[in-house]
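Below is one structure, written out as structure tokens; the observations come after it.
The values are calculated or read from the model by the stated rules, or taken from the named source; none is laboratory data. Computed from a prediction, not measured in an experiment: that's the story for all the values here. Neighbour counts run over all protein chains shown; Cβ positions are idealised from the backbone, glycine included. With ligands, DNA and RNA removed, areas are computed over all heavy atoms of the protein, side chains included. Shrake-Rupley method; radii C 1.70, N 1.55, O 1.52, S 1.80 Å.
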Amino acid sequence: MKHTHRRELLVTTGTGIAALGAGCLGMDDDDEGTDDDADSPTEARDSSASTPLERWIPAGGTDPLLFHYRDLTALETYEDALQASVIESVPTLPDGDSAGIVEDAADGTDAVDAVLRFGSKGVVGNVVVSGSFDPDALETDGDASVGAFETLERDGVSVAVTEETLVVSPDDGADLESILAAGVEGTDRRVEASENVASLVERIADATFCWGQYAETEGTGRAFSWTIGSDTTTYQEVGVYADAEAADGFESRLANEGDVRAEVDDNVAVATGSFPTEEYSYLDLFAEQGSSPPETPQAGVAFDADYADRTVTVTYASKERAERLELSDDHGNSGEMTAAGETTAFEYESGASGELTVVGVWDGEKVVIGTYSYSF
């Protein structure tokens, strides 16, 4: 066994793009927005941000940042091509306390066009919803406003609403003032404060659905996106790293993934594939996490394969709720890591193939943190 400090993608859900292949996971990003006319009394003066992820997420706030976007208009556009189960499974309303607020302001759920969520706890976090809303339904008094938005406090959260957009900021998210400064005034946006966040977001700008995360302290992020078409759905896995060297393993990791195309541009790596739209199915990863942190082992790991040396290196990337990580593969190798930053590498003979599994242990409970399929 040898040790190395080279690392690849941060893994927190235990799934790579192979596992996310045709019809396994639906993760979304923002779809193209409409530029605002400078002379129009609309809610935003700034037209440089064309997508919700670029426009609404402020520079400050949570770290790590998690984000999720779903374009509900796409469901109607491609209803005939999608499975009926997809139409039924995609939530119209955001999760958590904001659902009731959106439902009260919207004239039926059909009035909701898109939902953006971002924060640090999955379901719980800030919500920006586009559609058709009645501000009077939320009993605004008109005394408090930011631009075209009327603001109010309701059910312990801060709310801003116009006839086209509704923003909800809970106590554990970015504050409402910061969100409106980004979305309305075009100032202090996360994409402007972090080049890596901008690189991550811009590569999924046209997606129908996306899910992603970015850790500022580590300079790494990952996003999955699905762009639905009438016949074909395109999916992408995007990884952004603290430096270009850390991205080197991305293409080799996907070398045996079939029709997946991998490209590495400096410190950003993108894998792209496609499958028939009729095979697509939706799974909301934020819903999987729940509104509160699950009482199960949690950690971040990274896999990096070196096909010249026939090794797979596992890095203990982040420690959240785990006493240790247990490693094993189909060739009898095993190991254990207890500290973030620690690395372990397994060596293989030519022709070896199988799966390497990382299990997190916490308070007597064991959960699979990540898996990696190798083939040399």
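Data overview
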{"read-out": "Total residues in the stretch 198-207, condition open to solvent by 10 Å² or more (accessible area, probe 1.4 Å) and either at pLDDT 90 or above or not in a loop (DSSP other than H, G, I, E, B) (or both)", "value": "4"}
{"read-out": "Scope the stretch 227-244; condition over 23 Å from Asp71 (Cβ atoms) and out of contact with any helix residue (DSSP H, G or I) (no Cβ under 7 Å at 6 or more places or on another chain); matching residues", "value": "Ala242, Asp243, Ala244"}
{"read-out": "Counted residues, the stretch 170-190 - those being over 20 Å from Glu202 (Cα atoms), at pLDDT 90 or above and not hydrophobic (A, V, I, L, M, F, W, C)", "value": "2"}
{"read-out": "Residues being at pLDDT 90 or above and surrounded by fewer than 15 Cβ atoms within 10 Å (Cβ to Cβ) - total across the stretch 309-330", "value": "2"}
{"read-out": "Pairs with Cβ under 8 Å, 6+ apart, first in the stretch 324-349 and closer than 23 Å to Asp363 by Cβ and in a loop (DSSP other than H, G, I, E, B), second open to solvent by less than 50 Å² (accessible area, probe 1.4 Å) and among the β-branched types (Val, Ile, Thr)", "value": "Gly341/Thr315; Glu342/Thr315"}
{"read-out": "Ala137 being surrounded by 15 or more Cβ atoms within 10 Å (Cβ to Cβ) and either more than 14 Å from the chain's Cα centre (by Cα) or in contact (Cβ under 8 Å) with a residue 60 or more places away in the chain (or both)", "value": "no"}
{"read-out": "Filter result for Ser169 (open to solvent by less than 40 Å² (accessible area, probe 1.4 Å) and within 15 Å of the chain's Cα centre (by Cα))", "value": "no"}
{"read-out": "Every residue from the stretch 248-291 that is among the aliphatic types (A, V, I, L, M), under 21 Å from the mean Cα position of the chain (by Cα) and either open to solvent by 70 Å² or more (accessible area, probe 1.4 Å) or modelled with pLDDT under 70 (or both)", "value": "Leu254, Leu285, Ala287"}
